[in-house]
Amino acid sequence: MKCPFCNNGDTRVVDSRPVEDGLAIRRRRECSNCHRRFNTFEKIEDSLLVVVKNDGRRESFDRNKLINGLLKACEKTSISYEDVEHIADRIERGLSNTMQKEIESKLIGALIMDELRNMDQVAYVRFASVYHKFTDVNTFVQEVNHLQEMDNSNKEEK
């Protein structure tokens, strides 16, 4: 592994730890030339997932797009970046576990909505407004009312 600071090809592993529930390994490395340390991650290479968009186009699954969408929905909420990464991990793992090579974008959106509904109602409504393409205030109000009904029924069950 080349050093990202001096481009030297001789580095050694100082420490290794499992991360992401044991699905990856974080390695702490040190350069033998400049003695600076850096992290690398080793992860199982997943089979390529293809996302089928609403208009029929196909594109490779992009975890960064998933995280960026979550971050936009979660701005100024109590959801941390680590929480967003955990949501992305669960969704990505769930998609991989379906053993399907092609996943409809609707399914990904529904999974995100399920995760956000349980974590933060503001983030949920923000994401829903983009996902459902709210065109007017009435559609927005209907979604908020639906969320309140679900919240009330969950409280009654407990």
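What the table shows:
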| quantity | calculated |
| --- | --- |
| For peptides 88-96, 115-123, 137-145, 55-63, sequence by mean Cβ density within 10 Å, most packed first | 115-123, 88-96, 137-145, 55-63 |
| Under-5 Å amide H pairs with ALA24, H placed in peptide plane, nonlocal only | VAL19 |
| Sum of -39500 (n - 2.57) over DSSP H runs of 4+, divided by residues of the chain (222 nm, nearest 500) | -16000 deg cm²/dmol |
| Those aspartates and glutamates that a straight Cα-Cα span of less than 17 Å connects to LYS76, excepting residues fewer than 8 apart in one chain | GLU85, ASP120 |
| Mean separation of Cα contacts under 8 Å (6+ apart) over length of the chain, as relative contact order % | 15 percent |
| Per residue accessible area in Å² of region 31-158, where ligands, DNA and RNA are left out and the probe is 1.4 Å | 68 Å² |
| Euclidean distance between Cα centres, region 104-145 to region 1-78, Å | 28 Å |
| Long-range HN-HN contacts of ARG36 with modeled amide H, under 5 Å | CYS31 |
| Axial C-alpha extent at least 18 Å, average Kyte-Doolittle at least -0.5 - helices from the chain (DSSP) | 105-119 |
| LYS43 accessible area, assembled protein chains, probe 1.4 Å, Å² | 100 Å² |
| Fully extended contour minus Cα-Cα distance, from VAL130 to ALA110, at 0.36 nm per residue | 6.0 nm |
| Sum of side-chain charges, GLU85 neighbourhood, beta-carbon under 11 Å (Lys, Arg +1; Asp, Glu -1) | -3 |
| Reach of LYS106 by Cα under 12 Å, taken over aspartates and glutamates that are not fewer than 8 positions away in the same chain | ASP55 |
| Heavy-atom accessible surface of region 30-158: percent carbon and sulfur, 1.4 Å | 48 percent |
| Region 93-158 - charge dipole about Cα centre, Lys and Arg +1 at Cβ, Asp and Glu -1, debye rounded to 20 | 240 debye |
| Sequence-distant residues sharing a close amide H with ILE103 (under 5 Å, placed H) | VAL50, VAL51, VAL52 |
| For log10 I(q)/I(0) by the Debye sum over Cα atoms at q = 0.13, 0.15, 0.16, 0.17 Å⁻¹, calculated from these coordinates, the label among (i) -0.58, -0.79, -0.90, -1.03; (ii) -0.79, -0.94, -1.01, -1.08; (iii) -0.65, -0.87, -0.99, -1.12 | (ii) |
| Dipole magnitude of the chain, debye to nearest 20 (Cβ charges: Lys/Arg +1, Asp/Glu -1, about Cα centre) | 800 debye |
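The values are calculated or read from the model by the stated rules, or taken from the named source; none is laboratory data. Remember, predicted model here, so these are calculated numbers, not experimental data. FYI the Cβ positions are ideal-geometry reconstructions off the backbone, even for glycines, and counts take in every protein chain you see. To get the accessible areas, we keep the full protein, side chains included, count just its heavy atoms, and leave off ligands, DNA and RNA. Shrake-Rupley method; radii C 1.70, N 1.55, O 1.52, S 1.80 Å.
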